[in-house]
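Trainee: A single structure is presented below for examination.
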Amino acid sequence: MAPNIERERALVDALANAYYEVLDQGYRTGCMLTASVSCAVLEHFGVQAQVTPCQVWYSLAHHNYVVGFVGSAPQKDKWDGHVVCTSTNFLLDAALFHFKREFDMDVPWVASVQRIPVASQMMARYELPSGQSLKWLNPPPGSDTQYPEVPKGLVQELAGKLVERLQAVASVPERSR
């Protein structure tokens, strides 16, 4: 891998590993907040990142469980979508707990995955130790991808805590000048 990709990988992995050591576990299903916080942290370290709408599939041999853009009826304070933080080469999802809460499926709390480098419906894929996989796909055509805003002050507060932790970790490479 090129040096910038290696640096990006190290940073995304360090962020994933620190996430719920630093932040409250109550954020595990808050995709808009966690994606925004992740993007703010990556941007702090000089990695361009954006909040990206998607579907997430937990795939078994003969069944899929899906989070985001599933056609659920509108509910107060609940959006029928899912977002993640994406950079040029990686995807970070810190709100996978939906699968545990809604389907009783065991998933990591945070996944950092290299993105598929070609234009595709699938953004990324993560193989689970159980032989199942997580797949991030573009939202279905016609989906309302406008996600609700999150409080900027809270995003900055939480991102600051993670930045502080990552700066204390020697494995996070410095920003290229």
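Trainee: Residues Asp80, Asp93: which one is of a type in the set (D, E, K, R) and under 20 Å from Tyr19 (Cβ atoms)?
Mentor: Of the residues listed, the single one that is of a type in the set (D, E, K, R) and under 20 Å from Tyr19 (Cβ atoms) is Asp93.
Trainee: Given (1) assigned to a strand (DSSP E or B); (2) in contact with a His (Cβ under 6 Å, 6 or more places away or on another chain); (3) surrounded by fewer than 20 Cβ atoms within 10 Å (Cβ to Cβ), where does Val56 come up short, assuming only one miss?
Mentor: (3)
Trainee: Select, from Asn64, Asn4, the only residue that is modelled with pLDDT of 90 or more, surrounded by fewer than 19 Cβ atoms within 10 Å (Cβ to Cβ) and not aromatic (Phe, Trp, Tyr).
Mentor: Asn64
Trainee: Could you grab me the full set of residues in region 95-134 that are surrounded by fewer than 18 Cβ atoms within 10 Å (Cβ to Cβ), in contact (Cβ under 8 Å) with a residue 60 or more places away in the chain and not small (Gly, Ala, Ser)?
Mentor: Matches in region 95-134: Arg101, Trp109, Gln114.
Trainee: If you check every pair at least six apart or on different chains, which have Cβ atoms under 8 Å apart with a residue in region 135-163 that is under 19 Å from Ala49 (Cβ atoms) first and a residue that is among the hydroxyl-bearing types (Ser, Thr, Tyr) and in a helix (DSSP H, G or I) second?
Mentor: The qualifying pairs are Val150/Ser36; Val155/Ser36; Leu158/Tyr27; Leu162/Tyr19.
Trainee: Working only within region 35-57, note down all residues that are within 21 Å of Arg101 (Cβ to Cβ) and touching a helix residue (DSSP H, G or I) at 6+ places or on another chain (Cβ under 6 Å).
Mentor: Within region 35-57, Ser36, Val37 qualify.
The values are calculated or read from the model by the stated rules, or taken from the named source; none is laboratory data. Keep in mind that this is a model prediction, so the values were computed, not measured. Note that we place each Cβ from the backbone using ideal geometry, even for glycine, and neighbour counts take in every protein chain shown.
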